[in-house]
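Read through the structure below, which is laid out as structure tokens, and then see the notes.
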Amino acid sequence: MIRNNYLLFIIIMSVASFISYTYYNPLPTNMLFELMLLVSLLLLAKKMHASAWLVVAGCFLYITYTFAIAYFHLVHLQDYLLAYKSFIYMMILAFFSGKCLFTKKQVLTLFNALLWIFLCKYIIWLVFSEIKRPGVFVENNFEIMTMLFISLAVWSLEKKLTTVQWVLLTLIIFMSGSRSGVVSYFAMIALLSIHSFNFKTFLKLFPIGMVGIGVIAVLVSRLSGGDVSAIDRVVFAQGFLFAIEDWGWLNFLFGSTPLTALPESVCDRLVFYESLFSAKDPSVCYSVILHSYIMRQVFDHGVFGLFIVFFIINHLMKISLVPSRARKCVLAILFLNGMSVSSINSVYAVVGLVVILTTFYPHRYAFEKTRLTLQRKAVLDSQ
């Protein structure tokens, strides 16, 4: 039941987006995707890998510890959840790791359907909307990450994408105008295509180079006639550097005290993003206003905390027997997306990662068959 409903739910919400071209989707997609994950989780909380339980336990203890400190300092619950959501999402992903939910046919159907839905919506949006950043679920910085993850699940099944799939995916990525999207796409192509250096490598460099030129074109087009200092992410980075200028090595390693507010001068400079200010005090802002997950993670949890997050995600993919090159692509996409926006702190990353973790890859069939055989043998030997 989970298999069909999960995929059908994604498709239904994507089709619903065609109702409007002035806003992305008439449905509250963030909330609905999170609800979908929680409902699926209730049906999966059993037979987990032992190390997945360690991930759940570790994240739960860390959340309990940090929440206690935040509560003591009278931090608003919403502010806390925005800062620590990634650890909650990793607990959820741990329950999906090692499960085989989606068949090859189901994943291919989902991917092909989304390719055409995204392409059509993006084309119609660019024709009729005054806003030149098309979207299906939400701002495309987030949903492009979902599409890339689902494409990696397909690649892991086939060890390739068809020419039509590559063409459609490329069109979607570049029509999105998302800087993080095009850079992540370029990294994915490079990691999937270049795994050894020989004559074939040079043949692959031409299309990769063409994509690279497209990436540069998108980055330049987003400068809006200004220079690098006009990029909002540069402003966020300057605010981050100012906030940590007095840090010692312990701060760099483990971050600031849970829910430490940014300096007032940084908040004043970013007052335009008023919706990201504290839910309790509109004059206070936390790391979430920096947008970049990498900067937010380092500020709140330190370099060690950032490493732990990527280590856990890679470990969960290993439990699910995700191919090595696909794992590297996932980590690269999460990192590059996190340089700009929310990375694993976004439900759209989790939705795509669930597909990667739970797809029934051909090599998983042999593994599961061997495991079941050994279990039956153990039962017979004990009788």
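The values are calculated or read from the model by the stated rules, or taken from the named source; none is laboratory data. Predicted, not measured: the structure shown is a model, and the values here were computed from it. With ideal geometry, Cβ positions are generated from the backbone for all residues, glycine too; neighbour counts draw on all protein chains shown. In case anyone asks, the SASA skips ligands and DNA or RNA and just uses the protein heavy atoms, side chains included. Shrake-Rupley method; radii C 1.70, N 1.55, O 1.52, S 1.80 Å.
Looking at the structure I just gave you, is Lys99 open to solvent by 80 Å² or more (accessible area, probe 1.4 Å), farther than 27 Å from Pro258 by Cα, not aliphatic (A, V, I, L, M) and not in a helix (DSSP H, G or I)? Answer is no for this residue. Considering only residues that are without any contact (Cβ under 8 Å) to a residue 40 or more places away in the chain and touching a strand residue (DSSP E or B) at 6+ places or on another chain (Cβ under 8 Å), look in the range 277-288 and name the one that is least open to solvent (accessible area, probe 1.4 Å). If we take residues in the range 277-288 being without any contact (Cβ under 8 Å) to a residue 40 or more places away in the chain and touching a strand residue (DSSP E or B) at 6+ places or on another chain (Cβ under 8 Å), then Cys285 is least open to solvent (accessible area, probe 1.4 Å). Looking at Met36, Met48, just one residue is under 19 Å from the mean Cα position of the chain (by Cα) and of a type outside the set (Phe, Trp, Tyr), and that residue is Met36.
Going by the structure shown, is Ala16 small (Gly, Ala, Ser) and surrounded by 18 or more Cβ atoms within 10 Å (Cβ to Cβ)?
Details: small (Gly, Ala, Ser): yes; surrounded by 18 or more Cβ atoms within 10 Å (Cβ to Cβ): no.
Taking the combined requirement at face value, the residue does not satisfy it.
Report yes if Phe142 is open to solvent by less than 10 Å² (accessible area, probe 1.4 Å) and touching a residue at least 24 places away in the same chain (Cβ under 8 Å), otherwise no. It is false that Phe142 is open to solvent by less than 10 Å² (accessible area, probe 1.4 Å) and touching a residue at least 24 places away in the same chain (Cβ under 8 Å).
Could you count how many residues in the range 49-79 are in contact with a Leu (Cβ under 6 Å, 6 or more places away or on another chain) and open to solvent by less than 10 Å² (accessible area, probe 1.4 Å)? Step through it out loud before you land on a result.
Quick first cut of the range 49-79, residues in contact with a Leu (Cβ under 6 Å, 6 or more places away or on another chain) only: 70, 75.
Next cut, open to solvent by less than 10 Å² (accessible area, probe 1.4 Å) only: 70.
Of the residues in that region, 1 qualify.
Each row is one residue, and each column tells you yes or no for (1) surrounded by fewer than 24 Cβ atoms within 10 Å (Cβ to Cβ); (2) at pLDDT below 85; (3) within 21 Å of the chain's Cα centre (by Cα); (4) of a type in the set (A, V, I, L, M, F, W, C).
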position	(1), (2), (3), (4)
Ile308	yes, no, yes, yes
Ile319	yes, no, yes, yes
Ser324	yes, no, yes, no
Leu331	yes, no, yes, yes
Asn337	no, no, yes, no
Phe367	yes, yes, no, yes
Leu380	yes, yes, no, yes
Gln383	yes, yes, no, no
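Selection within the range 146-172: residues that are polar (S, T, N, Q) and under 20 Å from the mean Cα position of the chain (by Cα). The member of this set that is nearest to Ile10 (Cα to Cα) is Thr146. All conditions in (1) assigned to a loop (DSSP other than H, G, I, E, B); (2) surrounded by fewer than 21 Cβ atoms within 10 Å (Cβ to Cβ); (3) at negative phi hold for Leu108, with the sole exception of (1).
Only residues that are under 19 Å from the mean Cα position of the chain (by Cα) and touching a residue at least 60 places away in the same chain (Cβ under 8 Å) were counted across the range 99-123, and they come to 4.
Pull up the range 252-270, narrow it to residues that are polar (S, T, N, Q) and touching a Phe, Trp or Tyr at 6+ places or on another chain (Cβ under 9 Å), then point me to the one that is farthest from Phe72 (Cα to Cα). It comes out as Ser265. Residues in the range 124-145 that are of a type in the set (S, T, N, Q) and under 13 Å from the mean Cα position of the chain (by Cα) were compared, and the one that is farthest from Ser20 (Cα to Cα) is Asn141.
Whether any residue in the range 113-123 is under 18 Å from Ile11 (Cβ atoms), touching a Ser or Thr at 6+ places or on another chain (Cβ under 6 Å) and outside any helix (DSSP H, G or I) is what I want to check. No - not one qualifying residue is present in the range 113-123. As a summary of the residue check, Arg296 satisfies the conditions (1) open to solvent by 30 Å² or more (accessible area, probe 1.4 Å); (2) in contact (Cβ under 8 Å) with a residue 60 or more places away in the chain; (3) in contact with a Ser or Thr (Cβ under 6 Å, 6 or more places away or on another chain) except for the one numbered (1).
Among the residues of the range 321-337, not a single one is on the phi > 0 side of the Ramachandran plot, in contact (Cβ under 8 Å) with a residue 12 or more places away in the chain and small (Gly, Ala, Ser).
When Ser176, Ser180 are checked against the criterion of being among the hydroxyl-bearing types (Ser, Thr, Tyr) and modelled with pLDDT of 90 or more, a single residue qualifies: Ser176. When the criteria are applied in full, Val350 fails the requirement of being open to solvent by 10 Å² or more (accessible area, probe 1.4 Å) and under 20 Å from Cys59 (Cα atoms).
Could you check the range 153-173 and list, in sequence order, the residues that are assigned to a helix (DSSP H, G or I) and surrounded by fewer than 18 Cβ atoms within 10 Å (Cβ to Cβ)?
We begin by selecting, within the range 153-173, every residue assigned to a helix (DSSP H, G or I); these are 153-158, 163-173.
Selection gives Glu158, Thr163, Val164, Trp166, Val167, Thr170, Leu171.
The residues of the range 8-55 that are among the aromatic types (Phe, Trp, Tyr) and not in a helix (DSSP H, G or I), listed by number, are Tyr21, Tyr23, Tyr24.
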